[in-house]
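Chemist: The structure that follows is given in the form of structure tokens.
The values are calculated or read from the model by the stated rules, or taken from the named source; none is laboratory data. Because the structure is predicted, anything quoted here is derived from the model rather than measured. Backbone-built Cβ (ideal geometry, glycine too); neighbour counts: all protein chains shown.
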Protein chains: 4
Amino acid sequence: MSDPFKQLHLAMNQFAAERDWDQFHSPKNLAMALTVEAAELQECFQWLTEAQSKDLDEAQLAAVRDEIADVQLYLIRLAGKLGVDIEQACWEKMEKNAKKYPAEQVKGSAKKYTHYENGDV
Amino acid sequence: MSDPFKQLHLAMNQFAAERDWDQFHSPKNLAMALTVEAAELQECFQWLTEAQSKDLDEAQLAAVRDEIADVQLYLIRLAGKLGVDIEQACWEKMEKNAKKYPAEQVKGSAKKYTHYENGDV
Amino acid sequence: MSDPFKQLHLAMNQFAAERDWDQFHSPKNLAMALTVEAAELQECFQWLTEAQSKDLDEAQLAAVRDEIADVQLYLIRLAGKLGVDIEQACWEKMEKNAKKYPAEQVKGSAKKYTHYENGDV
Amino acid sequence: MSDPFKQLHLAMNQFAAERDWDQFHSPKNLAMALTVEAAELQECFQWLTEAQSKDLDEAQLAAVRDEIADVQLYLIRLAGKLGVDIEQACWEKMEKNAKKYPAEQVKGSAKKYTHYENGDV
């Protein structure tokens, strides 16, 4: 039973190599492409209300699923180029987030952590 | 041996529940937050040349790692809210990409697939 | 009688020249920077409801004003590097939009124009 | 003697009113749409080298011109909804930028101002 991140990473490598696309895949360019896909994902929601965004029809969900995949694939490709272990990076970031946003302190508030660092409540 | 996507999904759910943050996490808002993080990731590269982007120093790599994690975490959270299986969506999208961009046809070219659909070479 | 676009364009040129920043201001990099600023602008709104976004307090409005300026400045700088007349481009695009979205046809609907091109209503 | 910002603002208002689109144009949604257009603009450059981005052919330039217009139009629409004077915001931001990035101090360096605030050189 393999790690999905690793399997997709290998598949992406082969896909790019077969098409001689490595020349275009500098980390800079991959970061640009990832942001473009993230924007295409959010475009699915831009005229929907928050309530409508929770209740997508089949066509909308299919479009969103494709864009989620596009973002994930570029993220794996970019991380691969830089030798970043995405899973490990996530667990480390979740630890940092737990310290930045202690549950008792931020419960129910969306304020950014700098707000709390300044002593405001 | 568990699926990393699932483990992170459960951890994110608990993190948000402990902070009473579900109220802010409509798919629309999560898609916005994800794009913001993708832009923070690309900000790490915006003044670097493509060559420099392949050769990050320790501090730059640490910053990039955190932003990669931020994007991944929001992607897992958004997919979770919509019931999208990210791994499955990725394999399906890779299949579609293989058809859109047949290796013999697109080798060495970064042109978008609509270019090929129009019969241009 | 001055054109604000032109005045800001000249001021931006001088600002960058004084700091020897032209080396970083390829159109590619400027487009990246502009997207980063657009994301910082939308970050001001990401956890607000649509209703709250219509009723910003003083601090929120000040932050939004700065980000609007950042987007505008990079847009002027990018257009200047490419010899694009922003004002003229806007009037031309509005003409195209009027044809893509005839008022009688799209009244009250946010569907994208390809939806109408396919004959759906 | 007209102000281009004001003329475009009025034209955009009429365009949206004729189509009954104000219902979709909360500042939150407009900020999302603006970021989506900024990403479409950067998509024009994502696989180009910095050098290629300075030397666009006719078709590439036409595409870029349309996307520059899309960003500008949404920026004017968003600013209009919030009562923000874009031109004034730009001049104020340029003043702040001149203080954040004194020419003698930052000449030739793309480091972010926080780097300088920390006393590094």
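Residues are listed down the side, and each one gets a yes or a no for (1) among the charged types (D, E, K, R); (2) under 19 Å from residue B:46 (Cα atoms); (3) outside the structural domain of residue C:79 (by TED's automatic domain parsing):
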position	(1), (2), (3)
C:23	no, yes, no
C:29	no, yes, no
C:36	no, yes, no
C:46	no, no, no
C:51	no, no, no
C:55	yes, no, no
C:60	no, no, no
C:67	yes, yes, no
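Chemist: Hey, among A:67, A:87, A:18, which residue is in contact with a helix residue (DSSP H, G or I) (Cβ under 7 Å, 6 or more places away or on another chain) and under 25 Å from residue D:26 (Cα atoms)?
Modeler: The match here is A:67.
Chemist: Tell me the residue from C:64, C:71, C:106 that is among the hydrophobic types (A, V, I, L, M, F, W, C), surrounded by 16 or more Cβ atoms within 10 Å (Cβ to Cβ) and at pLDDT below 95, please.
Modeler: C:106
Chemist: Name the single residue, out of those in the stretch C:4-50 being of a type in the set (D, E, K, R) and at the interface with another protein chain (Cβ under 7 Å from one of its Cβ atoms), that is surrounded by the fewest Cβ atoms within 10 Å (Cβ to Cβ).
Modeler: Here the answer is C:20.
Chemist: Quick check: anything in the stretch B:53-68 within 12 Å of the chain's Cα centre (by Cα), away from chain C (no Cβ under 14 Å), part of a helix (DSSP H, G or I) and touching a residue at least 24 places away in the same chain (Cβ under 8 Å)?
Modeler: To start, the set of residues in the stretch B:53-68 that are within 12 Å of the chain's Cα centre (by Cα) comprises B:67-68.
Adding the requirement that they be away from chain C (no Cβ under 14 Å) leaves B:68.
Subsequent filtering for residues that are part of a helix (DSSP H, G or I) retains B:68.
With the extra rule that they be touching a residue at least 24 places away in the same chain (Cβ under 8 Å), the set shrinks to B:68.
Looking through the stretch B:53-68, at least one residue is within 12 Å of the chain's Cα centre (by Cα), away from chain C (no Cβ under 14 Å), part of a helix (DSSP H, G or I) and touching a residue at least 24 places away in the same chain (Cβ under 8 Å).
Chemist: How many residues, within the stretch A:109-121, are among the small types (Gly, Ala, Ser) and modelled with pLDDT of 60 or more?
Modeler: Going through the stretch A:109-121, the residues among the small types (Gly, Ala, Ser) turn out to be A:109-110, A:119.
If we keep only those that are modelled with pLDDT of 60 or more as well, we get A:109-110.
Qualifying residue count for the region: 2.
Chemist: Note down all Cβ pairs under 6 Å where the first residue falls in the stretch D:77-95 and is at the interface with chain C (Cβ under 7 Å from one of its Cβ atoms), the second is acidic (Asp, Glu) and surrounded by 15 or more Cβ atoms within 10 Å (Cβ to Cβ), and they're at least six residues apart or on different chains.
Modeler: Pairs found: D:93/C:66.
Chemist: Is it true that some residue in the stretch D:100-117 is within 14 Å of chain A (Cβ to nearest Cβ) and either within 26 Å of residue C:98 (Cβ to Cβ) or not in a helix (DSSP H, G or I) (or both)?
Modeler: Looking for residues that are within 14 Å of chain A (Cβ to nearest Cβ) and either within 26 Å of residue C:98 (Cβ to Cβ) or not in a helix (DSSP H, G or I) (or both), one finds at least one in the stretch D:100-117, hence yes.
Yes/no per residue for (1) assigned to a helix (DSSP H, G or I); (2) out of contact with any Gly (no Cβ under 8 Å at 6 or more places or on another chain); (3) among the small types (Gly, Ala, Ser):
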| residue | (1), (2), (3) |
| --- | --- |
| A:7 | yes, yes, no |
| A:20 | no, no, no |
| A:30 | yes, yes, no |
| A:37 | yes, yes, no |
| A:45 | no, yes, no |
